[in-house]
1. Could you please state how large a percent of the accessible area of segment 1-69 is carbon and sulfur, counting protein chains only and using a 1.4 Å probe?
2. Size of the dipole of the chain about the Cα centre, Lys and Arg at +1 and Asp and Glu at -1 on the beta carbon, nothing else charged, in debye to 20?
3. Per residue, how much accessible surface does the chain expose to a 1.4 Å probe? Answer in Å², no decimals.
4. With springs only between Cα atoms under 10 Å, which of A73, A23, A59 fluctuates most in a Gaussian network model of the chain?
5. Could you calculate the FRET efficiency of L101 with Q12 from 1/(1 + (r/R0)^6), where r is the beta carbon distance between them and R0 is 41 Å, rounded to 0.05?
6. Of the residues G54, G41, G29, which exhibits the maximal mean-square fluctuation in a Gaussian network model of the chain defined by a 10 Å Cα contact cut-off?
7. Along segment 93-98, what does the Karplus equation 6.51 cos²θ - 1.76 cosθ + 1.60 (θ = phi - 60°) give for ³J(HN,Hα), rounded to whole Hz, x for Gly and Pro?
Amino acid sequence: VQLQASGGGLVQPGGSLRLSCAASGSSVGINSMGWYRQAPGKQRDLVARINTGGSTNYADSVKGRFTISRDNAKNTVYLQMNSLKPEDTAVYYCNVERLSLFYWGQGTLVTVSS
């Protein structure tokens, strides 16, 4: 499974960004898809996950501001990020689970700064 993430960039506080991550290769059998983030000097943490049925879970810090969604036909997961804060600055990584194995994308940098 190969994952290609896109959509990162520089945004002012309060702004919005939408991340996308498309899975290709052996993508049949993908179960959950998600986003993690890693700020400088910190560990990689879960942001949000979504399973094939559409059930979601979010980190407390992003609830009400971020929305995860997926297009199963396109094997793509999205992360709509609103009301961005400087503390959301991080490299965002997509992650998928397929047949009990986990795959990571290359990461996309999100910088929230004025």
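The values are calculated or read from the model by the stated rules, or taken from the named source; none is laboratory data. Note that the structure is predicted; figures quoted are calculated from it, not measured. Here the Cβ is made from the backbone with ideal geometry for all residues, glycine too, and neighbour counts use every protein chain on show. Areas reflect the complete protein model, heavy atoms only, side chains present, ligands, DNA and RNA absent. Shrake-Rupley method; radii C 1.70, N 1.55, O 1.52, S 1.80 Å.
1. Percent of accessible area from carbon and sulfur atoms in segment 1-69: 46.
2. Computed charge dipole of the chain: roughly 60 debye.
3. 51 Å²
4. Highest fluctuation among the options: A73.
5. The pair L101/Q12 has a calculated efficiency of 0.60.
6. Evaluated over the chain, the most mobile residue of the options is G41.
7. 10, 8, 8, 10, 10, 9
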